[in-house]
Amino acid sequence: MKLFACDNCQQTLYFENNRCVNCGETVAYQPECVRLATVKPGDRQCRNALERDACNWLITDTGAEFCRSCTLSAVIPDLSDPANELAWRRIEAAKRRLLYTLFALELPVQNRAQDPGAGLAFRFLKGREDEPVMTGHDEGVITLNIDEADFAFRENMREKMGEGYRTVLGHLRHEIGHYYWDRLLRDDTQLLARFRDLFGDERASYEEALERHYQYGPSANWEESFISAYASMHPWEDWAETWAHYLHMTDTLETARSHGLTVRAPVADRPGERISTERLESGDFERLNSGWNALTLALNSLNRSMGMKDAYPFVRSPKVLDKLRFVHELIQRQHKEESPHVQAA
């Protein structure tokens, strides 16, 4: 995520800002030109910005009432409940950050009206005791239990599941991975063959794999082949976890670039070399990986200095790196096939 600057007073703006804290001007984000700037006459703000002050994106589609992000929300919870509204706001903020990365990578993002067969939609639901909500993906529809936006609930679930990391943004990045498996891999026999060599055969029974995973847990040496314990459950989940991880890498590295960070490479990579994140090329996986190694080492060291747990609690084995490289190459291939539609301001 890049940093922005107010075009009225040059104050630093963050992606989530809807107002400049220095000059007080209303600001809004225009995804087509990757620009966060003061609202001008003729700009059309999202209905969720005007009515609930809950969005900071401009509308660019003729006749639309909602921005490109909010349009994708097919079902939202009852907002008359303050707890539901707070959860919805947090989830929508995470979704906008997800979409920022998808647009930057030039991945196809269409809503159900634009593409009824393969378009994307989100359902944010509140479960009941007699009707729980399962987070997941089904033919382009991503469902998220809004309880995941509650910090106490999510931390409790993280502990129960033995996870090192659990966030709303992480959920969305994982589920969108399932969506892009369908869009980019499912019907390509050559890519499927490579996928199966790395991740395994997705035709294996998902139901049996799920039951086995929750009954017996992951194998003792799962870290040798998988980015997370959950990834070891089935090739589809391995793919989605790896995809989400790649999005973690690209977004965090862009944030580091925007702040002009320079970090020292780990001894195992290039002893003594300082890596300027501003010079990292997104198309070069090996450089990205070296930059990521250096950055996460620094992040974890900083957290430990504050007495906090590691910000990056993952181990990436050679097999995991091969899977991440496959995701990278697939996205780069898609990037080359698609004509550019956004340019950085």
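Span-like helices, the chain: DSSP H, alpha-carbon axial extent 27 Å or more, mean Kyte-Doolittle -1.0 or greater, which ones?
Details: long enough: 82-104 (33 Å, -0.23); 235-258 (34 Å, -0.95); 285-305 (30 Å, -0.26); 318-337 (28 Å, -0.96).
What comes out of the filter, once short or polar helices are dropped, is 82-104, 235-258, 285-305, 318-337.
So between ASP201 and ASP322, what do we pick up on full extension, going 0.36 nm a residue minus the alpha carbon distance?
Working: separation 121, 0.36 × 121 = 43.56 nm, distance 1.65 nm.
Separation in residues times 0.36 nm, less the Cα-Cα distance, equals 41.9 nm.
Per residue, how much space in cubic angstrom lies within the convex hull of the C-alpha atoms of the stretch 114-184?
On the way: hull volume 7.5 nm³, N = 71.
Spread over its residues, the Cα hull of the stretch 114-184 gives 105 Å³ apiece.
Where does each of 252-263, 139-150, 107-118 land if you order them by average Cβ count within 10 Å, highest first? If you can, show how the numbers build up before the last one.
On the way: 252-263: 16.5, 139-150: 19.8, 107-118: 14.2.
The packing order, highest mean first, is 139-150, 252-263, 107-118.
Looking at the chain, what % of its DSSP beta bridges pair antiparallel, to the nearest 5? Before the final figure, lay out the partial values.
On the way: 15 of 24 bridges.
Bridges in the chain are about 60 percent antiparallel.
Just by accessible area at a 1.4 angstrom probe, what is the order of THR62, THR38 from largest to smallest? Provide the component values of the computation, followed by the final result.
Working: THR62 145, THR38 15 Å².
Solvent-accessible surface, decreasing: THR62, THR38.
Give the distance, in whole Å, between the Cα centre of the stretch 288-317 and the Cα centre of the stretch 166-205.
Answer, in whole Å: 26.
How long is the gain from THR60 to THR26 if the chain were fully straight, where each residue apart is worth 0.36 nm and the alpha carbon distance is subtracted? Can you show the working numbers first?
Numbers: separation 34, 0.36 × 34 = 12.24 nm, distance 1.76 nm.
Using 0.36 nm per residue and subtracting the Cα-Cα distance, I get 10.5 nm.
If you compute mean projected area of the Cα convex hull in nm² for the structure shown, which of (i) 19.5; (ii) 15.4; (iii) 27.1 do you land on?
Working out mean projected area of the Cα convex hull in nm² from the coordinates points to (i).
Choose one answer from PRO31, PRO41, PRO132: the residue with the largest mean-square fluctuation in a GNM of the chain with alpha-carbon springs under 10 Å.
PRO41
Please name which of ALA204, PRO318, LEU13 has its Cα lying farthest along the dipole of the chain towards the positive end, using unit charges on Cβ (Lys, Arg +1; Asp, Glu -1) and the Cα centre as origin.
Ranked along the dipole, the leading option is LEU13.
Would you calculate the volume per residue, in Å³, of the smallest convex hull containing every Cα atom of the stretch 67-201?
Details: hull volume 19.6 nm³, N = 135.
Hull volume normalised by residue count: 145 Å³.
What is the total of Lys pairs in the chain with C-alpha atoms under 24 Å apart, excluding same-chain pairs fewer than 8 positions apart? Mind dumping the intermediate values first?
Working: LYS2/LYS40; LYS2/LYS95; LYS2/LYS336; LYS95/LYS126; LYS126/LYS160; LYS160/LYS309; LYS323/LYS336.
Summing the qualifying lysine pairs gives 7.
Using 1/(1 + (r/R0)^6) with R0 = 35 angstrom and r between the beta carbons of ALA193 and THR167, what's the FRET efficiency to the nearest 0.05? Numbers along the way, then the final one.
On the way: r = 33 Å, r/R0 = 0.95.
Computed FRET efficiency for ALA193 and THR167: 0.55.
Which log10 I(q)/I(0) values, to two decimals, does the stretch 56-104 give at q = 0.15, 0.18, 0.20, 0.21 Å⁻¹ under the Debye formula with one point per Cα?
-0.45, -0.63, -0.75, -0.81
Which percent, nearest 5, of DSSP beta bridges in the stretch 51-178 are antiparallel?
Around 35 percent antiparallel, to the nearest 5.
Output the antiparallel fraction of DSSP beta bridges having both residues in the stretch 1-85, as a percent to the nearest 5. Spell out each step's value before the answer.
Working: 8 of 9 bridges.
Of those bridges, close to 90 percent are antiparallel.
The values are calculated or read from the model by the stated rules, or taken from the named source; none is laboratory data. Bear in mind that the values here come from a model prediction, so they are computed numbers and not experimental data. So basically every Cβ, Gly included, is an ideal-geometry build from the backbone, and we count neighbours across all protein chains shown. Each accessible area value is taken on the protein alone, full model and side chains, heavy atoms only, with ligands, DNA and RNA left out. Shrake-Rupley method; radii C 1.70, N 1.55, O 1.52, S 1.80 Å.
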